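Data block below; observations after.
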Amino acid sequence: MTQDARGRVVILGQGYVGLPVSMRAVEVGYDVVGFDVAKDRVERLRGGQTFIDDISDAEIAAALATGRFTPSYDPADMTGFDVAVISVPTPLRDGAPDLSYIEKASDSIGPYVRPGCWRHPGVHHLSGHHRGGRGPGWRRSAGCAPAPTSTSGSPRSGSTRATRCTA
């Protein structure tokens, strides 16, 4: 971690929400791993090229030049994070959100959870638009608690609890 960095953040999903969050986190001093499963997207970012209108190539290049932005599709690059943010699609399927992308992202970050990191064990939407724009309800707890589950065993929609991992 660089001397002036605030910590190591992994942002899973480098789309129209995750990439701007990554750029802002770099801007305020965090070391950021911008993780995405789309190799072509990661390669474009590594080359200083954007693929969304809200972020310019110059912003990507500036973030890369700080040494605090690492676009990656290799899960091993998530090692040692302090904070993980999941920013992946939840498309509607028959009127209900498809949570499979969140479940896959949670599975990929799970092996790298360690004492002292923050993780979000359930469903977390950065924009909060699905709940009337109220945004996330993060809170701290002692130890890493499992994700709240429904009777089907999958994370409950609308869960916004985060835990600080201490054990």
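Screening region 108-117 for residues that are of a type outside the set (A, V, I, L, M) and within 16 Å of VAL85 (Cβ to Cβ) and picking the one that is surrounded by the most Cβ atoms within 10 Å (Cβ to Cβ) gives CYS117. Candidates ARG44, ARG8, ARG24: the one that is at pLDDT below 95 and of a type in the set (D, E, K, R) is ARG8. Looking at region 41-67, which of the residues that are touching a residue at least 40 places away in the same chain (Cβ under 8 Å) and of a type outside the set (Ser, Thr, Tyr) is surrounded by the most Cβ atoms within 10 Å (Cβ to Cβ)? Within region 41-67, the match that is surrounded by the most Cβ atoms within 10 Å (Cβ to Cβ) is ALA63.
The residue list THR163, THR70 contains one member that is in contact with a strand residue (DSSP E or B) (Cβ under 7 Å, 6 or more places away or on another chain), crowded, with 18+ Cβ neighbours inside 10 Å and modelled with pLDDT of 95 or more, which is THR70.
Only one entry of SER56, SER72, SER22 meets the criterion of being among the polar types (S, T, N, Q) and in contact with a Ser or Thr (Cβ under 8 Å, 6 or more places away or on another chain), and that entry is SER56. Of all the numbered requirements in (1) out of contact with any helix residue (DSSP H, G or I) (no Cβ under 8 Å at 6 or more places or on another chain); (2) within 26 Å of ARG46 (Cα to Cα); (3) among the aliphatic types (A, V, I, L, M), LEU99 misses one, and that requirement is (2).
Would you pick out the residues in region 83-96 that are in contact with a helix residue (DSSP H, G or I) (Cβ under 6 Å, 6 or more places away or on another chain) and hydrophobic (A, V, I, L, M, F, W, C)? Steps first, please.
Taking region 83-96 and keeping what is in contact with a helix residue (DSSP H, G or I) (Cβ under 6 Å, 6 or more places away or on another chain), we get 84, 86-89.
Hits for region 83-96 are ALA84, ILE86, VAL88.
Taking the conditions (1) within 17 Å of the chain's Cα centre (by Cα); (2) surrounded by fewer than 18 Cβ atoms within 10 Å (Cβ to Cβ) in turn, SER22 satisfies each one other than (2). Checking each residue in region 25-53 for being part of a strand (DSSP E or B) and more than 11 Å from the chain's Cα centre (by Cα) picks out only ASP31.
The values are calculated or read from the model by the stated rules, or taken from the named source; none is laboratory data. A quick note: this is a predicted structure, and the numbers were derived from the prediction, not measured. So basically every Cβ, Gly included, is an ideal-geometry build from the backbone, and we count neighbours across all protein chains shown.
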